[in-house]
Amino acid sequence: MDAEGRCYSHGNTFQPVEYCNRKGRQEQTVVSDLDGTLLRSSNAFSYYMLVAFEASGILRFTLLLLCSPIAWFLYCFVSESAAIKLLIFLACAGSKEKEINSVARAVLPNFYIADIHPHTWRAFSSFKCRCLLTATPRLFVEPFAREYLCADLVLGTELEFTKSGRATGFVKSPGVLVGTNKEKVLHRQFGDKQPDVGLGDRPSDHPFMQRCKEGYLVWKQSNIRALDQSELPKQIVFHDGRLVRRPTPGWALIILLWLPIGLLLGLLRMSAGLLPFRYALYVIRFLGVRVVVRGEQPFIAKASNSDHGFEIDDERKRGSRKQGVLFVCNHRTLLDPIFISLALRQTVTAVTYSLSRISASISPIKTVALTRDREMDSSKIRELLEEGNLVICPEGTTCREPFILRFSALFAEISEHIVPVAINTHLQMFHATTARGWKGMDSLYFFMNPRPLYEITFLGELPNQFCCSIGRKPIEVANYVQRMIAGAVGFHCTPFTRRDKYMALAGNDGIVSSENSNEIR
């Protein structure tokens with residue numbers, strides 16, 4: 001690089017991407033590489049690991065990690081193309097095309113979006129027509145590029161599939177898009193018309209950059225921070241997959257070494273639910289699960305033989321009640337009602353829209369499935385409240401990101417004794433929710449984290465003036481409670497629903513027949 005910032009390589013002169021003039025580009029075309037250019041990381045290995053884990057499982061994940069030194073050797077001493085061919089074969093061979101598509105749509109965008117290079121994005125986003133040209137399989141990248149980068153065209157390595165829809169592990173002609181192959185594909189797409197700007201980060205990108213009118217290089221900077229999501233046209237609200245962090249070789253090795261320990265620890269932690277709740281909280285904390293309880297403890301009904309099945313503790317008595325307390329919380333994991341019970345040191349009943357048979361059978365508290373018939377569900381919840389205290393999650397499904405989905409207003413029509421509860425979780429290795437996978441494993445995955453954290457904040461009983469009893473509409477009460485909970489944990493309210501989540505992640509509405517209830521979301 002000279003004093004003016006120009007970069008010289010094999011007779012080519014390219015300025016750093018920071019020198020790209022972003023003004024007047026509204027009618028022009030940009031072509032950008034992905035790894036090391038639009039993404040800060042120049043190594044796509046962790047994305048192949050994600051596809052291997054989410055589409056095929058832990059055995060392929062392990063195999064790919066064991067072969068990573070071979071891929072590194074090929075990349076450094078043989079060719080970039082040979083290394084990528086090995087990664088594609090190990091990650092994809094035998095996998096169903098629909099599984100790879102599902103991972104690309106529901107899992108990869110969350111990790112891609114957390115690694116966007118800020119300088120490249122600001123240049124890339126200033127152009128009207130945006131083209132992504134990458135050695136990564138197009139199937140991996142296209143959903144992310146089109147939805148979150150507003151790319152008009154994605155040119156990537158094309159995977160080969162059998163007639164039955166399984167990946168062979170090989171790639172179609174012209175092979176892996178590196179070096180001159182990128183230039184050939186670009187020429188085939190644009191013909192003699194030159195794109196206005198080409199963005200790349202390595203010598204193998206120079207051939208396609210030369211075909212553009214201008215070329216800019218992205219230099220690797222270890223201290224560059226990822227782009228803030230607020231600068232993107234769209235933010236991540238829904239995503240899937242079990243892994244919390246991007247599996248770099250080092251982190252993937254830690255995950256594999258932790259798995260047998262985590263499995264035993266997870267089973268031990270789950271067994272603590274068999275203890276009386278007045279002791280279970282101390283035991284579960286001793287086993288490494290952090291539980292933080294904040295806010296005013298509510299007035300709790302005690303079981304009795306009275307007409308209504310319960311009575312109020314004399315020390316906290318503030319008037320007669322004909323119903324139990326309805327705890328209304330945002331939904332982070334299936335364990336929300338259980339941790340509320342732990343915080344209260346007594347069992348409460350939980351109502352759910354659907355629950356796997358395994359989760360229901362191992363639950364230490366009573367769970368009751370709703371039918372999605374409004375009148376029947378309303379009647380059922382009233383009956384349960386006459387028996388005691390109840391937990392309900394009006395979102396109808398879990399959300400991992402700091403967002404709260406739209407609340408169903410059903411709870412507001414039923415009870416005047418509403419206690420909003422704000423919940424947040426912090427996990428280190430594994431997510432405890434899934435839209436595509438087997439829900440029966442959710443609780444175990446939560447407890448397999450080294451030091452999982454549950455934060456529970458009781459926000460006090462809703463004053464009468466905010467309930468439907470004085471004429472407020474149920475939707476007004478539901479929206480107020482949603483905003484109240486969001487403010488307590490610093491989340492954002494959204495209009496999205498359960499259906500929006502499952503259409504985005506799984507391509508369905510999240511409802512399956514009772515015959516397949518082990519897979520109910």
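The values are calculated or read from the model by the stated rules, or taken from the named source; none is laboratory data. Here the structure is a predicted model, which means the values were calculated and not measured. In this analysis, Cβ positions are derived from the backbone assuming ideal geometry, glycine residues included, and neighbour counts consider all displayed protein chains. To get the accessible areas, we keep the full protein, side chains included, count just its heavy atoms, and leave off ligands, DNA and RNA. Shrake-Rupley method; radii C 1.70, N 1.55, O 1.52, S 1.80 Å.
The table for this structure:
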{"item": "Farthest positive-ward along the chain dipole, Cα basis, beta-carbon charges - from Y353, L108, C329", "result": "L108"}
{"item": "Computed label-point distance, nm, for sites D152 and D373 using a 7 Å Cα→Cβ extension", "result": "5.3 nm"}
{"item": "Euclidean distance of C-alpha centroids, the range 148-218 and the range 38-107, integer Å", "result": "19 Å"}
{"item": "Sorted peptide list for 217-223, 449-455, criterion being average Cβ within 10 angstrom, highest first", "result": "449-455, 217-223"}
{"item": "Amide proton proximity set for V368, modelled H, under 5 Å, gap of 5+", "result": "A350, V351, T352"}
{"item": "Among 52-62, 457-467, 129-139, the order from most to least packed when residues are scored by Cβ within 10 Å on average", "result": "129-139, 52-62, 457-467"}
{"item": "Cβ crowding within 10 Å averaged over residues, with 158-164, 254-260 ranked highest first", "result": "254-260, 158-164"}
{"item": "Between the range 235-249 and the range 379-433, the alpha-carbon center distance in angstrom", "result": "24 Å"}
{"item": "Solvent-accessible surface ranking, highest first, for T352, T398 at 1.4 angstrom", "result": "T352, T398"}
{"item": "Point-charge dipole on Cβ atoms (K/R +1, D/E -1) for the chain, about Cα centre, debye to 20", "result": "380 debye"}
{"item": "Residues with amide H under 5 Å from that of Q428, placed H, sequence gap 5 or more", "result": "R451"}
{"item": "Net length gained if the chain between E296 and R499 were fully extended (0.36 nm per residue, minus Cα distance)", "result": "69.7 nm"}
{"item": "The chain, relative contact order in percent, only Cα pairs under 8 angstrom and at least six apart counted", "result": "14 percent"}
{"item": "Rounded percent of accessible protein surface that carbon and sulfur make up, the range 110-261, 1.4 Å probe", "result": "52 percent"}
{"item": "Listed pairs K85/K172; K98/K128; K98/K184; K96/K182 exceeding 21 Å between Cα atoms", "result": "K98/K128; K98/K184; K96/K182"}
{"item": "Rounded FRET efficiency, nearest 0.05, which uses the C-beta distance separating L268 from C129 and R0 of 51 Å", "result": "0.35"}
{"item": "Farthest positive-ward along the range 161-240 dipole, Cα basis, beta-carbon charges - from P233, Y216, F190", "result": "F190"}
{"item": "Relative contact order (percent, whole number), the range 365-521, Cα cutoff 8 Å, 6+ residue spacing", "result": "28 percent"}
{"item": "Percent of beta bridges antiparallel (DSSP, the range 95-244, rounded to nearest 5)", "result": "25 percent"}
{"item": "In nm, spacing of pseudo-spin labels at F73 and R472 (7 Å Cα→C-beta vector)", "result": "6.8 nm"}
{"item": "Helix-only [θ]222 nm of the chain, DSSP H runs n ≥ 4, -39500 (n - 2.57) each, per residue, nearest 500", "result": "-10500 deg cm²/dmol"}
